[in-house]
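Peer 1: Sending over a structure as structure tokens; questions will come in a sec.
The values are calculated or read from the model by the stated rules, or taken from the named source; none is laboratory data. Since we're looking at a predicted model, the values are computed, not measured. Here the Cβ is made from the backbone with ideal geometry for all residues, glycine too, and neighbour counts use every protein chain on show. Keep in mind that these areas ignore ligands, DNA and RNA; they rest on the heavy atoms of the full protein, side chains included. Shrake-Rupley method; radii C 1.70, N 1.55, O 1.52, S 1.80 Å.
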Amino acid sequence: MPDPTVLFPTVLGGVAALLRLPGLLRNPRDPLLRAVMAMLLSGVGVFFFTSVPVVAEVNELTGVPNSAAPFDYFWAMACAASGIVLIINWRGGSPERIRRATRWCIAAYGALCTAIAVLFALAEAPVERLRDLDTYYANTPYMREMIVLYLVGHTAASTVMTSLCWRWLRHVGGELRAGLALVVTGYALAICFGLLKFTALGARWAGADWDVLSTEVARACTSVAAPLIAIGMVLPIVVRRFRGRWRDWTHYRRLEPLSRLVGGLAPAPAAVSVPLLASVGVRRLQRESLIHDGLLTLNPYFDLGLRARALAEAVARGATADHAEAGADAAMVLAAVETMRADPERRVIASSRTLQEPAGKDRDLIRISQALVHTSKRAVAGPAAEGAAR
């Protein structure tokens, strides 16, 4: 059975990368999107290639004991570098400054990877270690230096990411703040991972055996850190997409009363049929288009005097300006529909030469639609109240 401490972060990182992929395909030259994708994919690579079965397979394929170690360290350095590049792009600045900082970061971690490869080539590590390579070879020349270089690069990147994200966290809000909080927590755990590894190495150098800190506790830290970082990276985009779709659905639903009243009034609706699987955003746009066509057809029947009287009455009752405007528009639209129904030959439309425009060129269709519901309720309640009074 796959190790859940490896499988879960790997799958979560892969899902996060897939969620970011459409944006990268639309804007392949966007350095921020490229940095996010590089970080997520390298993070997936770290967990996939450090799993014990994969480590054993890499060692077997190369025929060199422990050759998976520098390979895994390369993935870790790529993840660390891409994280710093991501923050460089997130913070913004002049394009030249961003490019210069990015080049320095890539060069520094490229040099680290080269040094790791050279040190491994110089080292003698004949005994294959799948879980405790760093502590087992803590006193082996060149292997010791290779392991320390890897931990320095990893811990330095985690410290930089934690510091920069923490400073940024205080200046943002909403889903971005929540995502950054998760990222900060994840990188704080990544720092703990490095410190635990260094502690276990120091114990070996002092002649003690604290390997459990490296093989168990540190691994648990990074298994929690990776999902937190991946979720933090994805959370803002997921929340924004959900919020946008929820807003589209809410608008679509609230436009229904007005759409039902005027949506079919145009002689030949211009809107094309919407596919069955069309997004709610497309359906909202189609509903708005039908409403605009209906209002345009209804325009010659608008009674601006009636609207003015309804507006004055609403203001007198203490309604806010927005609600008074919407209620007045709703009353005018209802009256216009009744007048249009009483003119089956459309003589008013045929004789109309100009369009009437109520006060305010951009009508709030949603407010008007909701005002229609209240206007209709009052129209029904009025006769009932009068009958009860009799």
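Peer 1: Output the direction-averaged projected area (hull surface divided by four) of the convex hull of the alpha-carbon atoms of the range 116-208, in nm².
Peer 2: So the mean shadow area of the Cα hull is 7.2 nm².
Peer 1: Given the C-alpha centroids of the range 194-269 and the range 37-91, what is the distance between them in whole angstrom?
Peer 2: With the range 194-269 and the range 37-91 each reduced to a Cα centre, they are spaced 21 Å.
Peer 1: Accessible area of the chain with a 1.4 Å probe: how many percent of it is carbon plus sulfur?
Peer 2: Reported share for carbon and sulfur atoms: 64 percent.
Peer 1: While we're here: With θ taken as phi - 60° and the coefficients 6.51, -1.76 and 1.60, list the Karplus ³J(HN,Hα) couplings across the range 9-16 in order, rounded to whole Hz; mark glycine and proline as x.
Peer 2: Taking θ as phi minus 60°, the curve returns x, 5, 5, 5, x, x, 5, 4 Hz for the range 9-16.
Peer 1: Let's test the formula: R0 of 35 Å, r as the Cβ-Cβ distance of L296 and E96. What FRET efficiency results, to the nearest 0.05?
Peer 2: For L296 and E96, the calculated efficiency is 0.10.
Peer 1: Quick one: go through the range 232-247 and flag any residue whose amide nitrogen is under 20 Å from the point 7 Å out along the Cα-to-Cβ line of R177.
Peer 2: Output list for this probe position: 232-244.
Peer 1: For the chain, set up a GNM with springs between Cα atoms under 10 Å and report which of A108, A319, A218 has the largest fluctuation.
Peer 2: A319
Peer 1: With a ≥ b ≥ c the root eigenvalues of the C-alpha gyration tensor of the range 16-77, is it rounded (a/c under 1.5), prolate (a/b larger than b/c) or oblate?
Peer 2: Prolate, because a/c is 1.5 or more and a/b exceeds b/c.
Peer 1: How large is the dipole of the chain about the Cα centre if only Lys and Arg carry +1 and Asp and Glu carry -1, each at its Cβ, rounded to the nearest 20 debye?
Peer 2: Once rounded to the nearest 20, the dipole reads 1440 debye.
Peer 1: Tell me which of V64, A336, A226 sits at the most positive position along the dipole axis of the chain, charges placed on C-beta atoms (Lys, Arg +1; Asp, Glu -1).
Peer 2: Going by the charge dipole, the pick is A336.
Peer 1: Label A117 and T140 with points 7 Å out from Cα along Cα→Cβ: what is the distance between them in nm?
Peer 2: It works out to 2.0 nm between the two label points.
Peer 1: What nm distance separates the two modelled labels at L7 and E313, each placed 7 Å from Cα along Cα→Cβ?
Peer 2: 6.8
Peer 1: Then there's this: What Rg and what Dmax come out for the chain when only alpha-carbon atoms are used, in angstroms?
Peer 2: 32.8, 106
Peer 1: Using 7 Å Cα-to-Cβ label points, what is the L306/D343 separation (nm, one decimal)?
Peer 2: It works out to 1.1 nm between the two label points.
Peer 1: Grab the Cα-Cα distance for V152 and W205, subtract it from 0.36 nm times how many residues apart they are, and report the gain in nm with one decimal.
Peer 2: Extra length available between V152 and W205 comes to 17.4 nm.
Peer 1: Taking the chain as a Gaussian network, where each spring joins two C-alpha atoms under 10 Å apart, which residue of A38, A331, A17 fluctuates the most?
Peer 2: Result: A331 has the largest fluctuation of those listed.
Peer 1: Could you tell me which of G202, L295, S259 has its Cα farthest along the dipole of the chain towards the positive end, charges placed at Cβ (Lys, Arg +1; Asp, Glu -1), taken about the Cα centre?
Peer 2: Farthest along the dipole direction, towards plus: L295.
Peer 1: Please compute the per residue accessible area over the chain with all protein chains in place, 1.4 Å probe, rounded to a whole number of Å².
Peer 2: 54
Peer 1: Charges on Cβ only, +1 for Lys and Arg, -1 for Asp and Glu, centred on the Cα centroid of the range 51-147; of P53, A78, V118, which one is farthest towards the dipole's positive end?
Peer 2: Working it through, the farthest residue towards the positive pole turns out to be A78.
Peer 1: Using 0.36 nm per residue of separation minus the Cα-Cα distance, give me the extension gain between W246 and V15 in nm, one decimal.
Peer 2: Result: 81.0 nm gained on full extension.
Peer 1: May I ask you to evaluate 6.51 cos²θ - 1.76 cosθ + 1.60, the Karplus curve with θ = phi - 60°, for each residue of the range 36-45 and list the ³J(HN,Hα) values in order in whole Hz, giving x for glycine and proline?
Peer 2: Each residue's phi maps through the Karplus curve to give 4, 5, 4, 5, 5, 5, 5, x, 4, x Hz.
Peer 1: Please compute the length gained on full extension between N27 and R131, using 0.36 nm multiplied by the number of residues separating them and subtracting their Cα-Cα distance.
Peer 2: My answer for the length gained is 33.4 nm.
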